[in-house]
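To start, the structure itself, in structure tokens.
The values are calculated or read from the model by the stated rules, or taken from the named source; none is laboratory data. Being a predicted model, the structure only gives us computed values, none of them experimental. Heads up, the Cβs are rebuilt from the backbone with ideal geometry, glycines too, and the neighbour counts pull from every protein chain shown.
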Amino acid sequence: MSRNAIYMGPRLKRVRRDLGLTQANMAADLEISPSYVALMERNQRPVTAELLLKLAKTYRIDIATLAEDGGEDMAARLVAVLKEPIFADIDLPALDIADIATSYPGFAEALLRLHTAYGEERLQLAQRREMGSAGAGADLAMADPVAEARNFLAARRNCFPLLDDSAAAVAEELRGTEALARRFEDRHGLRVVFVDPDVILGAQRFHDLHRRQLMISQRLDQSARRFQLALQLALLEAGAEIERLLGEGQFSSDNARRMARRALAGYWAAALLMPYRPFLRAARQARYDVEALSRAFAVSFEQVAHRLTTLQRAGEEGVPFFFIRLDAAGNVSKRLDGAGFPFARHGGACPLWSVHSVFQTPGRIVPQRLELPDGQRFFSIARTVSAGGGSWGAPSAMRAVALACAEEHMGALVYGEGAQEQVPTPIGVACHLCHRPRCIARAAPPIGRDLRPDDYRDTGIPFAFAAD
């Protein structure tokens, strides 16, 4: 009988408490002694297969759910966290970590939450240092809702398994836009209609509570229509999961919380259209070919690029990407970081990065090797994307997006073929942080450097400074 035994102490205790039972109550129901229940809950005795079946039958519990502890996922998350330099001198064998995850899931979850909070504090501290250690600069850094929302995402590497699992469960029931639209009527009593945007005052989506209908602009292309439907479904069905995650964040204003909530709803919508495991498998098979993935999942180029930054689930990681979107004037409207890159918070302003020049070649993907002043090398692809339009005279906007990963991952990307021959382009995070002395594209002097006097010699370098 011992061959068919498993240890599930914490799960057994959780089941008992959820049912409102004492150890004596459970012992009587299962016809065993209270001391044996106590020993099982402390993992000092196994739960046999026969007893597991009796548990499921007595309390009408799905045996698959009962046997599934999530320990492997928890252990993988712990392993990822314990790779931090702060833990480098602590010897924690993999078996010990797995034992903690299985036997003490509450403690493991507490450690993971503490690490996430530590990550958020670290990002906020770095931001305060950049904007000034005191005075209005520091206050401005803390009061910036965009920065707070980005810190919330970055501290979690833009990966939320809770939302991935929730969306994947819904995705299994849906196939195509028609099935997605039917869900609104079947589950929420909402009729989906596609209307002229003038009817909804130029909006893309409007949830009409009075008429019990969801109106979507008919000018949107198919991928945008599907995303708007998925986004509304996130607001209707994933509210509990989103609020739970927001409860773990640190927000100084309602605006910051709203921005983070919007980002999480968008995350769930993307996870519905591109479920984590099928999407990761397809991405690996296609070697991260963004255009091929956009066709396979009937989504846009930009939506795929977004989703690629989220594939950092512990134990099931894809290539870690950084994503940026900007307009022709260089204004950054979106940053998503699944890799912890040095230019994740304030980078993207270097004009030598191809993301600024792809406006000259609309729709064409431009691969580029990059090198930062400290020697770190990255590989990026950049391309233009369009928003709006859909009819004559309708306003539209062209933006550029870029995906970047550490150069060590270049071989995993289809775009990396032949790129080894390309000389890395020297770029900086931002001009005021870049100390390259001979950059012809410099737009501002670096912090802490004295400008070179030009009384006798003009180097032709903007804001030339002493290199030593």
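Cβ-Cβ contacts under 6 Å between residues 6 or more apart (or on different chains), taken from a first residue in region 62-84 that is at pLDDT below 65 to a second residue that is in a loop (DSSP other than H, G, I, E, B), are absent.
Once region 131-164 is narrowed to residues that are outside any helix (DSSP H, G or I) and at pLDDT below 85, the residue that is surrounded by the most Cβ atoms within 10 Å (Cβ to Cβ) is 144.
Restricting attention to region 171-216 and to residues that are free of Cβ contacts under 8 Å to residues at least 40 places away in the same chain, part of a loop (DSSP other than H, G, I, E, B) and of a type in the set (A, V, I, L, M), the residue that is farthest from residue 229 (Cα to Cα) turns out to be 201.
Sub-7 Å Cβ pairs linking a first residue in region 303-316 that is part of a strand (DSSP E or B) to a second residue that is of a type in the set (A, V, I, L, M), at least 6 apart or interchain, are 316/280, ordered by first then second residue. The single condition among (1) modelled with pLDDT of 85 or more; (2) surrounded by 14 or more Cβ atoms within 10 Å (Cβ to Cβ); (3) not acidic (Asp, Glu) that residue 392 does not satisfy is (2).
Pairs meeting the criteria (first residue in region 93-107 and touching a residue at least 40 places away in the same chain (Cβ under 8 Å), second residue loosely packed, with under 15 Cβ neighbours inside 10 Å and of a type in the set (Asp, Glu), beta carbons under 7 Å, at least 6 apart or on different chains) are lacking. Specify the residue that is farthest from residue 364 (Cα to Cα); the eligible residues are those in region 302-328 that are surrounded by fewer than 20 Cβ atoms within 10 Å (Cβ to Cβ) and either among the charged types (D, E, K, R) or modelled with pLDDT of 95 or more (or both). Among residues in region 302-328 that are surrounded by fewer than 20 Cβ atoms within 10 Å (Cβ to Cβ) and either among the charged types (D, E, K, R) or modelled with pLDDT of 95 or more (or both), the one farthest from residue 364 (Cα to Cα) is 316. Being closer than 17 Å to residue 195 by Cβ and basic (Lys, Arg) is true of residue 225. Looking across 213, 228, 204, one residue alone is modelled with pLDDT of 90 or more, out of contact with any Lys or Arg (no Cβ under 6 Å at 6 or more places or on another chain) and of a type outside the set (Lys, Arg). It is 204. Determine if region 446-466 includes at least one residue that is buried (at least 17 other Cβ atoms within 10 Å of the Cβ), over 18 Å from residue 324 (Cβ atoms), within 36 Å of the chain's Cα centre (by Cα) and not charged (D, E, K, R). Yes, region 446-466 contains a residue that is buried (at least 17 other Cβ atoms within 10 Å of the Cβ), over 18 Å from residue 324 (Cβ atoms), within 36 Å of the chain's Cα centre (by Cα) and not charged (D, E, K, R). Residues in region 245-286 that are outside any helix (DSSP H, G or I) and of a type in the set (S, T, N, Q): 3 in all. Considering region 365-468, the qualifying strands (runs of 3 or more DSSP E), each wholly inside and each with 1 or more residues that are in contact with a Gly (Cβ under 6 Å, 6 or more places away or on another chain) and in contact (Cβ under 8 Å) with a residue 40 or more places away in the chain, run over 396-406.
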